[in-house]
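Novice: Can you keep this structure in mind? I'll have questions shortly.
The values are calculated or read from the model by the stated rules, or taken from the named source; none is laboratory data. Keep in mind it's a predicted model, so treat the numbers as computed, not measured. Backbone-built Cβ (ideal geometry, glycine too); neighbour counts: all protein chains shown. Only protein heavy atoms, including side chains, enter the accessible area calculation; ligands, DNA and RNA are left aside. Shrake-Rupley method; radii C 1.70, N 1.55, O 1.52, S 1.80 Å.
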Amino acid sequence: MDFSDTKEEAVFREEVQAWIKGNAPEYLYEPLSTSGFGSTRTGDYDPLAEAKKWQKKKADAGWACIQWPSEYGGRGATPIQSVIWNQEEGVYGSLSRTFIIGQGMCAPTMMAYASEEQKQRYLPKLASGEEVWCQLFSEPHGGSDLAGLRTRAEKDGDDWVINGQKIWTSGAHYSDFGILITRTDPDVPKHKGLTMFFLDMRSEGVDIVPIKQANGDSGFNEVYFDNVRIPDVQRLGEVGEGWKVSLTTLMNERLAIGGSIATGFPEIKALVDELRVASGSAIEDSAVRSKLADWYAKSAGLQNTASRAISALSKGETPGPENSIGKLVAGGMMQDIAKFALDLQGLPGAIMDPEIASGSARLQAMLMRSPAVRIEGGTDQILRNIISERVLGLPEDMRADKGLPFNKIPTGN
Amino acid sequence: MNFDFSDDEKMVQDQIHRYLNDNCDFSRFRSVLEGNEPYSEQVWQGLAEMGVQGTAISSEYGGVEAGYLTLCLAAKEMGAHLAPVPFSTSVYLFAEALARYGSQAQKEKWLPLIASGQVKGTIAVSETLEEARADNIATSFKDDQVSGSKLVVPQGMVADVAIVLARKSDALTLAIVELEGVSRTPVEMVDPTMATSTLVFDNSAAEELGECSDGWDALADVHNRAAVLIAFEQIGGAEKALEMAVDYAKERFAFGRPIGSFQALKHMMADMYVALKLAESNCYYAAWALQNDSVDFALAAATARVSATQAFQLCSRDNIQVHGGMGFTWEFDCHLYYRRSNYLTLMLGGLATWEDKLIGALPAADAA
């Protein structure tokens, strides 16, 4: 075992450090470092404009999407170089959140299924942040059961006509393009009648409505399609093969390695170091110590699991499914930590105002945002299904809709 | 970065794995469990022939000097196979105490005997029904003799020699005591395969560890090191318990389908896997910290210990649950892991003790 870089890795790291030192927007360091949980603070500057500016600067110097082939805007870097980049980009990397869906999920799908001409046209601008992409998958009737989606696409000449509704679309309101999964044949079993497209988000008939979330923020949207026309050349994969195409997208959900995954541990540790409770100093209280030890062991476990994945990458291996545990562990833990932290403070623990609450109300923000962490990108329950089926090899769930044509599946309404 | 064991280390693990697969199945454990023998002499000798007891002992003292990373993997195999031999007490506790705090002469005398398997060792700490503390140790050390009673000593029935925590005037010290002639009484324990006994010393000849200035601190240090090795035994056991549960859930049918297709059970096993994976990664880090005397070793050891204890407890407990009624029979092997997991949880002080040590080892500010 050895935690240091190989010689080549060290050389690369130095190159990255030097470029970041000379080019990063240092005026954003302070606000970015003190961002509340789930938000990106850029002080007096506009977050989207700053994100695009940094992304363009990286792209111009060859530091955007570094794992992509250079002809599509990357630099053909190895996975371990990508991890090193993420580690060194550090707090500035949070600016790139705007582009995660497009670069991490839409781009691999485009690379696998778009024509060469389309790849040349779209990928470099996606890498440079000049064009932002979103992913139109979830629907009011198809979340965990994604293949149950209802948005229709019907062929009309050289076009497809889209009608229906998507939901939970991150960033739709500032996106230029999106990839869209639709139902093209309701007479066959649900997984067989789907087809994937990409479209211009400014197409006529696209209506974007922000969702006001339970925590008061608005990071997601509903997207309505009313006779939206998409040319057949923007179809990704064969007609009826949309499910297969969507798996390419979902499998590319960015491995959260290189960066650190938020658990709430540093926040609660900082709180109990200062806080006093009935028995005296909170950090001396045995119940507090027991809980904290459990959470530290879990968060160290996630970090060490990530190190093992990096190690596997470094040896040219593909990290295994152990990395799917990250969000499952972190989401629940964050919710537990937040609840416990507030509880230790009594009613003042319920103060949401960052100017008054301890720790700039980060724990309170976590309390209100963590329910979503346990749902988005695969619910806790779906993740446990994935672990039990794909890692442990347990039998698949019994499906009441197996083999039924889509339009014969009971819907409950 | 290379956060993995080397091929050489894995090769040794594989040899031990194959030896134990061939020579140490559940019937060995049951033979000890049912009182036919206090430990498996045959397995102990087989391991000794392979040099396993001397894995981390310096070649100067007759060991193989293959390092702690290799010993960690050996420990994982011991845990997975529930090997009914006094390996942990001899190798992780007795030999470590000697290597860390023994005089040159003491090391020269004892370490080769442990490395070759000729001698089995242990450590004698607890005296009352409370967890051992510096203020509830009454056994005395005076004029190179110890007197007093140790209530529960793992492998006390089979050990030839023990490190004894004893009071020397106001302070505590660690002394080597040969156990021939010392009165021993077996104690019925949650895991009867650990040959646990009471030891009563009556002016028994004893020799202080040469380099031990404070017995309590030295014990804590030895426990930290042993904690990493026991943690590897725990993840070895947890992995097997999970494997048993998964295998059974695939074969057993109820309501016309394999019980492993029910989400209530699938999710339970997914949680077992998650606990195991987190513990395993923490163990890897602790192994590295042990091998390299890392500055954060105490924190790494406590972290591995806490998560490995949680993982083995969860996996052995829910393995029974997946097996249903059959899991609660003497005949099924589920209780073997349940017994071992609960014994190992308490062997170096319970979970709460290690949680407390973990927090004590955290740096004051922002530590994640």
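Novice: Would you pick out the residues in region A:281-320 that are of a type in the set (Lys, Arg) and at the interface with chain B (Cβ under 8 Å from one of its Cβ atoms)?
Specialist: Hits for region A:281-320 are A:Arg289, A:Lys298, A:Arg308, A:Lys315.
Novice: A follow-up question, please. When region B:319-368 is examined, which residues are found to be charged (D, E, K, R) and more than 13 Å from every other protein chain (Cβ to nearest Cβ)?
Specialist: Those that are charged (D, E, K, R) and more than 13 Å from every other protein chain (Cβ to nearest Cβ): B:Glu331, B:Asp333, B:Arg339, B:Arg340.
Novice: How about region B:202-232: which of its residues are closer than 30 Å to B:Arg317 by Cβ and either among the hydroxyl-bearing types (Ser, Thr, Tyr) or open to solvent by 10 Å² or more (accessible area, probe 1.4 Å) (or both)?
Specialist: Matches in region B:202-232: B:Ala220, B:His223, B:Asn224, B:Arg225.
Novice: So, in region A:354-395, of the ones that are of a type in the set (Lys, Arg) and not assigned by TED's automatic domain parsing to the domain that holds A:Ala330, which residue ends up farthest from A:Ala330 (Cα to Cα)?
Specialist: The selected residue is A:Arg390.
Novice: Related question: Any residue in region B:74-100 that is small (Gly, Ala, Ser) sitting within a Cβ distance under 8 Å of a residue that is open to solvent by 10 Å² or more (accessible area, probe 1.4 Å) and at pLDDT below 95? List the pairs, counting only those 6 or more apart or interchain.
Specialist: Note: pairs meeting the criteria are B:Ala83/B:Arg28.
Novice: Where residues in region A:268-280 are touching a helix residue (DSSP H, G or I) at 6+ places or on another chain (Cβ under 7 Å) and more than 9 Å from chain B (Cβ to nearest Cβ), which of them is surrounded by the fewest Cβ atoms within 10 Å (Cβ to Cβ)?
Specialist: Across region A:268-280, the extreme among qualifying residues is A:Arg276.
Novice: Looking at A:Leu136, is it touching a residue at least 12 places away in the same chain (Cβ under 8 Å) and within 19 Å of A:Glu241 (Cα to Cα)?
Specialist: Here the answer is yes, as A:Leu136 does meet what is asked.
Novice: Search region A:345-374 for residues being at positive phi and part of a helix (DSSP H, G or I), and hand back the single one that is surrounded by the most Cβ atoms within 10 Å (Cβ to Cβ).
Specialist: A:Ala361
Novice: Further, regarding this structure: Kindly indicate whether A:Met333 is crowded, with 18+ Cβ neighbours inside 10 Å, within 14 Å of chain B (Cβ to nearest Cβ) and under 21 Å from the mean Cα position of the chain (by Cα).
Specialist: yes
Novice: A follow-up question, please. Can you tell me which residues in region A:165-223 are part of a loop (DSSP other than H, G, I, E, B), more than 29 Å from A:Ile409 (Cα to Cα), of a type outside the set (Lys, Arg) and open to solvent by 50 Å² or more (accessible area, probe 1.4 Å)?
Specialist: A:Glu204, A:Ala214, A:Asp217, A:Ser218, listed by residue number.
Novice: On the given criteria, is A:Ala306 assigned to a helix (DSSP H, G or I) and open to solvent by less than 40 Å² (accessible area, probe 1.4 Å)?
Specialist: When the stated conditions are applied, A:Ala306 passes them.
Novice: Taking B:Met272 as the residue in question, decide whether it is within 25 Å of the chain's Cα centre (by Cα), open to solvent by less than 20 Å² (accessible area, probe 1.4 Å), of a type outside the set (D, E, K, R) and within 17 Å of B:Ala80 (Cα to Cα).
Specialist: Here the answer is yes, as B:Met272 does meet what is asked.
Novice: Could you please find all residues in region A:5-26 being open to solvent by less than 60 Å² (accessible area, probe 1.4 Å) and either within 27 Å of B:Glu9 (Cβ to Cβ) or within 14 Å of chain B (Cβ to nearest Cβ) (or both)?
Specialist: Within region A:5-26, A:Asp5, A:Thr6, A:Glu9, A:Ala10, A:Phe12, A:Arg13 meet the criteria.
Novice: Is it the case that region A:376-394 has a residue that's closer than 23 Å to A:Thr263 by Cβ, part of a loop (DSSP other than H, G, I, E, B) and open to solvent by 30 Å² or more (accessible area, probe 1.4 Å)?
Specialist: Yes.
Novice: Identify, by number, the condition in (1) in contact (Cβ under 8 Å) with a residue 12 or more places away in the chain; (2) surrounded by fewer than 17 Cβ atoms within 10 Å (Cβ to Cβ); (3) within 14 Å of chain B (Cβ to nearest Cβ) that A:Ala400 doesn't meet.
Specialist: In the conditions (1) in contact (Cβ under 8 Å) with a residue 12 or more places away in the chain; (2) surrounded by fewer than 17 Cβ atoms within 10 Å (Cβ to Cβ); (3) within 14 Å of chain B (Cβ to nearest Cβ), A:Ala400 misses (1) alone.
Novice: Here is a further query. Across region A:141-164, what is the total count of residues that are more than 19 Å from A:Leu199 (Cβ to Cβ), among the small types (Gly, Ala, Ser) and open to solvent by 50 Å² or more (accessible area, probe 1.4 Å)?
Specialist: Here the count works out to 1.
Novice: Would you check if B:Lys250 is at the interface with another protein chain (Cβ under 10 Å from one of its Cβ atoms) and touching a strand residue (DSSP E or B) at 6+ places or on another chain (Cβ under 8 Å)?
Specialist: Taking the combined requirement at face value, the residue satisfies it.
Novice: Yes or no: region B:127-140 includes at least one residue that is modelled with pLDDT of 95 or more, in a strand (DSSP E or B) and of a type outside the set (S, T, N, Q).
Specialist: no
Novice: Which ones in region A:27-36 are more than 14 Å from chain B (Cβ to nearest Cβ), open to solvent by 40 Å² or more (accessible area, probe 1.4 Å) and touching a residue at least 40 places away in the same chain (Cβ under 8 Å)?
Specialist: A:Tyr29
Novice: Moving on to the next point. What's the number of the only condition in (1) within 14 Å of chain A (Cβ to nearest Cβ); (2) touching a residue at least 12 places away in the same chain (Cβ under 8 Å); (3) open to solvent by 10 Å² or more (accessible area, probe 1.4 Å) that B:Val64 fails to meet?
Specialist: (1)
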